[in-house]
Every structure is written in structure tokens, then in C-alpha cells.
Amino acid sequence: MSAESQGHNLPSFRKLREEEKLLIGKMAGSSTAENEVLHRIVDVCVEDMKDGGMGSIRFHYDGGAKRVFGRNVSEATYRDADGVVVSIALNIDQFGLR
């Protein structure tokens with residue numbers, strides 16, 4: 001039995017952590033999508049992306065269509081504990097927030 005058939009390559013979804021909800025809420029607060037984003041993040045499931053440990057997440061999507069970049073909702077930067085500048089982007093796909 002291959003690793004893929006055993007589910008090792010399937011995405012592992014989880015609920016947003018509280019600090020992620022707070023960050024997304026703050027970022028959405030400066031956008032026209034604020035109310036919809038705040039409503040959607042309550043129960044949404046996400047998966048950690050394979051990005052070399054940078055902390056990116058992808059929101060779960062049930063649809064069968066391929067997702068492509070739709071638009072940027074908000075961007076921010078900050079310095080982490082080591083003084084490294086971190087860039088954060090909140091993007092939505094072509095379907096928006098549905």
C-alpha cells in the first residue's frame with residue numbers, strides 16, 4: 001500500500017487558533033470585506049501550508065473548481081522576536097468569501 005493511499009498526503013485540516021483569528025480580524029478590519037471575514041472565521045477550517053515553516057495557512061474549500069488568486073484583502077509587516085521583518089498577506093481566491 002502506498003503512502004498516498006494510506007492518507008499521508010491528504011491535507012490535515014484544523015480550526016483557526018485564537019491568535020490567528022485575532023490577526024485575520026485586525027487585517028480584515030481595514031478592508032471592505034470586514035464583516036464577511038469576521039463572520040466566516042468563527043468556524044472555518046484551515047490547513048498548514050508546506051512553506052518551509054513560515055506559518056502560511058490555506059482556508060478549506062469544498063468546491064471542485066481550481067482556486068486561483070482573486071484579490072488582496074490586506075497586507076501588514078512586523079518584526080519578529082529575532083528582528084526579522086515578516087510580511088503578512090490576507091488574500092482571497094476568485095470565489096471570494098463563500
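Each reported figure results from applying straightforward, stated rules to the coordinates on display, with no laboratory input. Source: prediction; values computed, not measured. Glycine also receives a Cβ, built like all others from the backbone with ideal geometry; neighbour counts cover every protein chain displayed.
Report the relative contact order of the chain, percent, no decimals, based on alpha-carbon pairs under 8 angstrom and at least 6 residues apart.
That works out to 23 percent.
Pull out a ≥ b ≥ c, the square roots of the eigenvalues of the alpha-carbon gyration tensor of region 6-91, then state rounded if a/c is under 1.5, prolate if not and a/b is larger than b/c, and oblate in the remaining case.
Oblate shape, in that a/c is at least 1.5 and b/c is the bigger or equal ratio.
Mind checking the angle between helix 18-28 and the chain's longest principal axis? C-alpha axes, 0 to 90 degrees, to the nearest 10.
Between the helix axis and the principal axis of the chain, the angle is about 60 degrees.
With a point put 7 Å past each Cα toward its Cβ, work out how far residue 49 is from residue 26 in nm, to one decimal.
Between residue 49 and residue 26, the simple spin-label model gives 2.0 nm.
Leaving out same-chain residues fewer than 8 places away, which aspartates and glutamates sit with a Cα under 19 Å from that of residue 50?
4, 20, 93
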